[in-house]
Every structure is written in C-alpha cells, then in structure tokens.
Amino acid sequence: MRQTSRVITFLTLFALFPTAAQAASYTYVVSAGDTLSKIAREHQTSVQEIMQQNLLDSDRLTIGQTLSLSGTGLPDIGPVATAPDVGNHISDSVDTDPVVDRNEKKAKVVADVLHVRQSPSLTGEILGKLYYGNKVDLIEMGSEWTKIHYDQGEAYVASEYVHVIDPDAEDALESAVVTQLDQLEKLVTPLLGTRYILGGTTPDGFDCSGFTAYVFAKLGVSLPRTSEDQFHGGVSIPLEEAKPGDLLFYDALKKGTVSHVAIYLGNDRIVHANGDDVRFGKLEYMQKLYPFYGVKRYLDFE
C-alpha cells in the first residue's frame, strides 16, 4: 500500500509540473562523502525534488547508489527555494553586497546546468539555461549574483557557478587546442544521446569502448575492442599533460581492473558512453566517482 501511495503521489506531481517532468534527466552515482544537500547544490535542484523523483523515504544514501536527476527542479516554482538544502551559498533575497569590479570581461560556467534569471533572486523568472563550459559576458560581479549580457539584454546567474576568465591564459590555451577540439567535436556531437548498449559499436548503440573505437576509426586509428585492451595500448601520459583526444581509463565497476574509457576534450571536459547514452561530462566528477587508471595517447593532434 505504501508503494502504491508513493506512485500516486509521484504521478500527481508529474501532472502538476509538466515542464519539470519534460526536462532533460540524467543519472548520478553516489560516492563517498555525498549527501542529498551536496548533490542538490551541485546539480541546481533541491533535496525534495531528488527524493520525489527517486521515491526516497529518507535522506540516507549508499555509495554506488544511482539517482535520477533533472535539469529543472522545484526551486524554480515556489517557496521550496528557501529550504535548508539550499545552504548559505545562494540567498533567496536580492544581493545587496557591494559589487566587485574585477575588470574582467568574460566568465565560464562551472555548473552542469545554470539557470539564468531576470532578477538576482531564486524567485526571479528563469529566462534560460547555461551549461558547463559556456562562456558569458560579464557586466557586474557580486558575491552572490552576477549580472551578465544575455539574449540582447541583461540577466543574473549565481556567482559561485561562474569563474572569471584570465584573457591571456584563455587565449594561449585556446590557440593550442582549437584545431583538435574542432576535429573531435565535429565527430562526437552528432553521436550525443546515442543509447548505451553493452557490446555496441555503431550509432545504433555504443558501450564505452565501442564509442571510443568508432570515433578513432573515423580519425584513421584502429583501437582494440575493449576498454581494458585499449588501456594496454597507446602511450602513457601523465594526467596533468593530457590533451584533447587522449583516452582516460577508470574502474567503473570497482572490481580492480579497467572497465570504462572516456575521451578527454580539454578544459575539464570529457565525452563518453556512460551507461545510459553518449554525453559530455566533467573530469573532476569522474575522478571522484571511480578509481582512475591512467591516460593513454593513440593520436597526437598537434
């Protein structure tokens, strides 16, 4: 009876909030040190939304547990935004702190999904979304809210989810990797969203090593079939020297051997067939989730 009640509750919420239900969803694997509050804060949602979406009875989590998350959460629609899980990082009131003039012009988004709001408040109307790695033009940067140029006007984003760009460092980095990034992204972009199929090697469905082998075949490089065999080939590279096109290897099954491979895209970005579909991800999160085995280079783009 309890399970039936939860299902009815969930379906009722689904009917009441169609825009949230239709938002793009993705999965998150719980790692050591995670709490619902921490996950909600990092993924721009709320504890209540995560619990409702996953039919959780309590806030207790276990390492390795898979959660379904959504890019649109309950904080967008009402007073839930002031719930304790929001924490002290983002206030629901207008940012009255003095504006900091940093003399920089651009910043980079460092959240998976970042809401762009009409006013500097969690109750401000959402004008759109930005995604990890997007760049924005700054107008004023405050301690909690930052004013940006957006859609031929002005808007606000949470300051903790944008990092100011050093123009000199950015120009040097971009000039070094722009060619290889263009090559890679032209290949992988049409494949984004391709479903995960164990043993899959074609755009009808990929597993992790099938995806890397397919992409590299398009670049004229033949890779071994499995992630473990791909790890035994190539040239070993220190992680700090990784460049776009290098392969990153992990023990995603946590069985003491390589079981996952991703393609590094630079700037903390990866692309991989992650168990659900082909998608972009962040190196930082992968390093926290799974034991890391190393970087291998099969092709030097420069």
7 Å from Cα along Cα→Cβ at both residue 51 and residue 288: what's the point-to-point distance in nm? 2.2
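Suppose we take every Cα in the range 106-165 and form the convex hull; what volume per residue is that in Å³? It would help to have the intermediate numbers written out before the result.
Numbers: hull volume 4.1 nm³, N = 60.
Per residue, the Cα convex hull of the range 106-165 comes to 68 Å³.
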Excluding residues fewer than 8 positions from residue 186 in its own chain, the lysines with Cα under 16 Å of it are 218
46, 31, 58 arranged by Cβ crowding within 10 Å, fewest neighbours leading: 58, 31, 46
If neighbour count is taken as other Cβ atoms inside 10 Å, put 207, 246, 276 in order from fewest to most. 276, 207, 246
Kirkwood hydrodynamic radius of the range 196-269, from inverse mean 1/r over distinct Cα pairs, in Å: 12.7
For the range 168-297, how big is Rg over Rh, using alpha carbon atoms and the Kirkwood form of Rh? 0.94
Under 17 Å from a point 7 Å along the Cα-to-Cβ line of residue 219: which residues of the range 229-261 have their amide N that close? 230-250, 261
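Values in this text are rule-based calculations from the coordinates and carry no lab data. Computed from a prediction, not measured in an experiment: that's the story for all the values here. When we count neighbours, we look across all protein chains shown, and the Cβ atoms used for this are built from the backbone with ideal geometry, even at glycine.
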